[in-house]
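Enquirer: Below is the structure I would like to discuss, written out as structure tokens.
The values are calculated or read from the model by the stated rules, or taken from the named source; none is laboratory data. Note that the coordinates shown come from a computational prediction; the quantities given were computed from them, not determined experimentally. We place every Cβ from the backbone using ideal geometry, glycine too, and count neighbours over all the protein chains shown.
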Amino acid sequence: MPIPASILTLAAGILLALISLWAGQNINLMPVAAADDAGTVDALFKVLFSIGVGLLLGITAMLVVALVHFRRRDGDHLDGPAVEGNLPLEVFWTAVPAIVILILGVYSYDIYAQMGGMADFHHHTSMPPREVEQVSLGHPADPETVIWGGIDRTDGMAFPVEVTAMQFAFIFHYPRQNFTTGELHLPLGQPVELRLKSNDVIHAFWVPEFRLKQDVIPGQPTVLSFTANRQGDYDIVCAELCGPYHGGMRSKVVVEDPRSFEEWLVHNTPATVATAPDSSPIA
Amino acid sequence: MTTNALPVSPHHREPHPVDVQHHTPWHEYFGFSLDHKVIGIQYLVTGFFFYLVGGALAGMIRVELVTPLSDFMARETYNQVLTLHGTIMIFLWIVPVVNGAFGNYLVPFHVGARDMAFPRLNAVAFWMLPPAGFLLLSSYFIGGAAQSGWTAYPPLSITTPAVGQVIWIVSVLLLGGSSIFGAVNFIATILKLRRSGLGLFQLPMFCWAMLGTSVLVVLATPVLAGALILLSMDIVAGTGFFNPALGGNAVVYQHLFWFYSHPAVYIMVLPAFGLVSEILPIHARKPLFGYRSMIYSILGIVFLGLIVWAHHMFTSGTPPWMRLFFTIATAIIAVPTGIKFFNWLATLWQGKLALNSALLFCCGFIFNFVFGGITGVALAQVPFDVHVHDTYFVVAHFHYIVFGGTVFVIFAAIYHWFPKISGRLLNEHLGRLHCLLSFLGFNICFFPQHWLGLNGMPRRVAEYDPQFQLVNQISSVGALLLAISTLPFLINVAWSLWKGVPAGDNPWQACTPEWLTSSPPPVENWLHEAPLVTEPYDYGSPEDAMPVTTVQGRELWSAGR
């Protein structure tokens with residue numbers, strides 16, 4: 001007696017589910033994770049990858065089975081059955097993807113909110129006192145000091161670094177120590193806040209290992225806050241076409257333990273801040 | 001109980017005994033013809049010419065990326081090449097061919113009309129294409145082409161050499177205008193020129209796809225035109241609409257640009273969906289599964305397609321609520337799209353599949369587009385998109401959609417309708433070779449690019465980290481295979497035009513009205529009255545049909561027939 005088709009279908013479904021779960025858990029396509037939220041992004045990617053593998057394999061299998069099993073044999077001039085549709089089936093393959101997608105949407109929203117992507121920037125400025133003063137006087141806030149967007153979960157309590165993007169380099173300014181470098185150093189396990197502004201065209205600040213990217217837009221400062229959690233050197237990549245040397249616009253971020261980071265800060269801080277030629281107030 | 005084993009519906013018969021071979025004089029294809037069929041072929045051939053140009057540009061990109069250094073061409077030239085490649089492939093190949101070529105050739109047949117509603121406007125729309133294309137190409141030779149990508153984001157597009165950028169804008173405005181003229185014509189033709197007795201819900205699916213597409217074109221393209229005119233004023237007249245240095249807002253341009261350019265994806269894929277819905281039932285010998293749900297999913301895609309644009313801007317500093325809204329809207333568009341793919345699979349299931357080039361290209365399309373759709377749903381999730389936005393992951397994703405999706409359908413459609421257009425069949429062996437090479441070349445070229453993006457390679461770069469060299473070389477080999485895959489196709493078309501097997505009027509035993517006339521069709525489309533086809537997918541035998549060649553009298557007798 002042949003095995004009933006329903007049992008074969010069930011077995012194929014179980015096999016497919018196992019394969020996609022295995023693939024999601026065991027095939028790692030991402031680079032090493034070096035920031036606190038990178039792990040949660042990777043977890044989301046694993047879910048997306050599992051669902052994707054299952055869907056692609058399932059549809060491909062159906063396509064191949066159809067092409068082999070239902071191919072027209074020589075001398076067969078008959079048509080297939082005149083099936084015009086099946087309403088319950090249509091409802092099924094409308095409802096199931098819709099539910100899956102809504103669940104995914106809520107899940108990724110939750111991750112994004114956790115990362116700080118839903119932060120409210122209405123009253124958040126890179127230089128709070130001045131802006132508050134201006135607003136209280138009835139002047140519109142200076143667009144250069146308003147934060148227009150980004151990822152922020154630290155309410156300004158994090159260690160600040162000012163990032164300036166220009167054709168074709170990133171420049172890093174440490175406002176508390178008042179010095180500027182071409183290489184970003186960050187303390188391990190300590191929240192930092194990058195305040196990004198651009199001098200010319202749009203750039204994008206991307207560290208693949210942090211899973212974070214933020215456009216750096218002229219006239220619209222943005223913010224990116226996170227906690228690096230793995231020591232090492234990582235590439236900073238410009239991800240927005242910014243001109244002929246876009247591909248060469250790279251920089252380095254060094255994540256080091258807090259003690260060597262402090263040493264690096266001290267080593268680079270100008271010796272006598274008070275007599276520095278720059279007379280502007282130190283942030 | 002049916003008495004007839006072979007379902008010989010009226011449409012299966014050869015439609016008319018008149019055997020008039022009509023040949024359009026060759027010079028009409030180079031002139032201001034008002035015949036929708038001539039215009040369709042003009043679009044197809046012009047589009048294919050630009051496909052070869054765009055492909056050559058893609059080849060230059062892949063050669064540059066064989067090594068991590070910028071050593072094949074100057075960096076400025078590289079940016080010009082990638083800008084031209086994107087612009088040509090979208091505006092001069094895919095949009096004009098799926099809309100202009102197949103829309104013009106097929107829609108009047110499908111609605112039972114002898115031409116489009118506005119033949120002169122139709123010809124004008126086509127004749128805007130060659131000047132726009134040659135203007136765009138010529139910009140390379142006069143001061144250099146635009147360098148800011150097909151997206152032309154300011155302030156970069158304001159600061160790169162002005163001549164190339166302004167020519168780019170003029171060219172895209174012409175092409176957008178052409179597209180709008182075409183869309184107005186399709187809407188009028190489908191709604192107003194239907195043969196009497198032909199209802200909207202009796203139309204072939206391609207007409208619904210063209211109706212939906214044309215609505216998108218009419219609603220979205222003017223927004224792009226407006227944005228580009230403002231951008232050109234920023235460049236030429238020193239205004240500050242998008243120039244932050246003059247108080248402008250660079251992000252507003254992105255909103256306006258993507259308000260058109262995301263629907264543009266559906267302007268490219270919806271007609272392709274329509275073509276697949278025409279091709280599959282004929283070669284599977286089954287009705288199109290779920291006719292009504294196919295229509296509603298087109299309408300759903302049209303509506304949702306208009307409200308997803310900001311998913312291109314998740315890292316641009318848009319307000320948080322916007323990211324939430326556009327995530328859900330974008331992901332949910334997979335639902336109506338998914339309906340279409342499940343319906344196509346159900347159309348194939350239990351059919352009698354002729355494994356010819358047209359059907360195989362459609363199956364390649366299904367695989368590639370499902371792949372691109374899955375990565376699309378992933379990209380809609382903001383936390384993931386933040387990582388892969390503007391990387392090779394995105395490059396791979398949209399090539400799976402527009403190349404693996406739409407271009408595969410264009411080839412399927414050429415294999416399917418070439419006999420109607422030319423009166424001769426294409427060679428199937430060369431066709432299947434073309435399909436195999438395209439499928440392998442395409443996947444070898446673009447599949448590895450997902451990994452590149454995930455691991456840190458941004459898009460639009462002439463130089464990259466050496467760790468990515470091997471995978472880039474694999475991708476370039478795929479591109480080479482893709483280039484080679486064009487050769488059997490070109491040989492096939494040239495040889496078949498000259499010596500191909502005569503096709504007859506209806507080689508596929510199809511029901512739709514374009515097959516119910518001679519091949520090639522006469523100027524009037526049908527010498528007699530236009531046929532009334534109320535069931536365009538009237539294929540399939542009733543479940544209890546008996547094969548007419550083997551059935552014996554006693555079986556009929558015992559079955560009570």
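Enquirer: Six or more apart or on different chains, Cβ under 8 Å: which pairs go from a residue in region B:507-525 that's farther than 18 Å from B:L425 by Cβ to one that's small (G, A, S)? Could you list them?
Expert: B:C511/B:S9; B:P513/B:G112; B:P513/B:A530; B:N525/B:A113
Enquirer: Is it true that B:G453 is within 14 Å of chain A (Cβ to nearest Cβ), farther than 22 Å from B:H416 by Cα and in a helix (DSSP H, G or I)?
Expert: Yes.
Enquirer: Okay, next question. Can you work out which of the residues in region B:371-411 that are in a helix (DSSP H, G or I) and among the polar types (S, T, N, Q) is surrounded by the most Cβ atoms within 10 Å (Cβ to Cβ)?
Expert: B:T406
Enquirer: Sticking with this structure for a sec: Can you pull out the residues in region A:60-88 that are within 7 Å of chain B (Cβ to nearest Cβ) and either at pLDDT 95 or above or under 41 Å from the mean Cα position of the chain (by Cα) (or both)?
Expert: A:T60, A:M62, A:L63, A:A66, A:L67, listed by residue number.
Enquirer: Give region B:281-307 a look and list any residue that's over 21 Å from B:L200 (Cβ atoms) and at the interface with chain A (Cβ under 10 Å from one of its Cβ atoms), or say none.
Expert: Selection gives B:H283, B:A284, B:R285, B:K286.
Enquirer: Also: Being over 21 Å from B:I41 (Cα atoms) and at pLDDT below 95: is that true of B:D465 here?
Expert: When the stated conditions are applied, B:D465 passes them.
Enquirer: Tell me yes or no: at least one residue of region A:217-224 is within 14 Å of another protein chain (Cβ to nearest Cβ), touching a residue at least 12 places away in the same chain (Cβ under 8 Å), within 30 Å of B:T77 (Cβ to Cβ) and under 20 Å from the mean Cα position of the chain (by Cα).
Expert: yes
Enquirer: Picking from B:P502, B:P536, B:P542, which residue would you name as being surrounded by fewer than 20 Cβ atoms within 10 Å (Cβ to Cβ) and within 14 Å of another protein chain (Cβ to nearest Cβ)?
Expert: Going through B:P502, B:P536, B:P542 in turn, the sole match is B:P542.
The rows are residues; the columns are (1) farther than 30 Å from A:V216 by Cα; (2) surrounded by fewer than 24 Cβ atoms within 10 Å (Cβ to Cβ); (3) small (G, A, S); (4) modelled with pLDDT under 95.
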site	(1), (2), (3), (4)
B:L92	yes, no, no, no
B:G112	yes, yes, yes, yes
B:I142	yes, yes, no, yes
B:G149	no, yes, yes, yes
B:V170	no, yes, no, no
B:L173	no, yes, no, no
B:G177	yes, yes, yes, no
B:G182	yes, no, yes, no
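Enquirer: Only one of B:L426, B:L437 is surrounded by fewer than 24 Cβ atoms within 10 Å (Cβ to Cβ) and either away from chain A (no Cβ under 14 Å) or part of a helix (DSSP H, G or I) (or both). Can you tell me which?
Expert: Criteria check complete, one pass: B:L437.
Enquirer: Looking only at region A:32-68, filter to residues that are surrounded by fewer than 17 Cβ atoms within 10 Å (Cβ to Cβ) and touching a strand residue (DSSP E or B) at 6+ places or on another chain (Cβ under 9 Å); which one of those is farthest from A:G117 (Cα to Cα)?
Expert: A:L67
Enquirer: Just a yes or no: is a residue in region B:344-355 assigned to a loop (DSSP other than H, G, I, E, B) and within 20 Å of the chain's Cα centre (by Cα)?
Expert: no
Enquirer: Sticking with this structure for a sec: Within region A:45-59, is even one residue facing another protein chain (nearest Cβ under 8 Å) and hydroxyl-bearing (S, T, Y)?
Expert: Taking every residue of region A:45-59 in turn, none turns out to be facing another protein chain (nearest Cβ under 8 Å) and hydroxyl-bearing (S, T, Y).
Enquirer: Something else: Given the conditions (1) at pLDDT below 90; (2) facing chain B (nearest Cβ under 8 Å); (3) within 25 Å of A:L224 (Cβ to Cβ), and given that A:L104 satisfies all but one, which numbered condition is not satisfied?
Expert: Of (1) at pLDDT below 90; (2) facing chain B (nearest Cβ under 8 Å); (3) within 25 Å of A:L224 (Cβ to Cβ), only one is false for A:L104: (1).
Enquirer: What is the one condition in (1) in a helix (DSSP H, G or I); (2) of a type in the set (V, I, T); (3) more than 12 Å from every other protein chain (Cβ to nearest Cβ) that B:T337 does not satisfy?
Expert: Among (1) in a helix (DSSP H, G or I); (2) of a type in the set (V, I, T); (3) more than 12 Å from every other protein chain (Cβ to nearest Cβ), the lone unmet condition for B:T337 is (3).
Enquirer: I would also like to ask the following. Out of the residues in region B:235-254 that are within 13 Å of another protein chain (Cβ to nearest Cβ) and part of a helix (DSSP H, G or I), state the one that is nearest to the chain's Cα centre (by Cα).
Expert: B:Q254
Enquirer: A further question follows. Counting only residues that are buried (at least 21 other Cβ atoms within 10 Å of the Cβ) and aromatic (F, W, Y), which one in region A:213-272 is farthest from B:N455 (Cα to Cα)?
Expert: Ranking the qualifying residues of region A:213-272, first place goes to A:F226.
Enquirer: Here is a further query. Could you check, for region B:459-473, whether at least one of its residues is over 16 Å from B:F403 (Cα atoms), of a type in the set (G, A, S), in contact (Cβ under 8 Å) with a residue 24 or more places away in the chain and in a helix (DSSP H, G or I)?
Expert: No: zero hits.
Enquirer: Continuing with the same structure: Yes or no: B:S261 within 18 Å of the chain's Cα centre (by Cα) and either within 13 Å of chain A (Cβ to nearest Cβ) or not in a helix (DSSP H, G or I) (or both)?
Expert: No, not satisfied.
Enquirer: For B:R323, state whether it is under 30 Å from A:V207 (Cα atoms), touching a Gly at 6+ places or on another chain (Cβ under 8 Å) and of a type in the set (D, E, K, R).
Expert: When the stated conditions are applied, B:R323 passes them.
Enquirer: Of everything in region A:179-212 that's more than 13 Å from every other protein chain (Cβ to nearest Cβ) and within 14 Å of A:A165 (Cβ to Cβ), which residue is surrounded by the fewest Cβ atoms within 10 Å (Cβ to Cβ)?
Expert: So the residue we want is A:G182.
Enquirer: Picking from B:V223, B:V215, which residue would you name as being touching a residue at least 40 places away in the same chain (Cβ under 8 Å) and either part of a helix (DSSP H, G or I) or not aliphatic (A, V, I, L, M) (or both)?
Expert: Step by step, each of B:V223, B:V215 is checked, and only B:V215 is touching a residue at least 40 places away in the same chain (Cβ under 8 Å) and either part of a helix (DSSP H, G or I) or not aliphatic (A, V, I, L, M) (or both).
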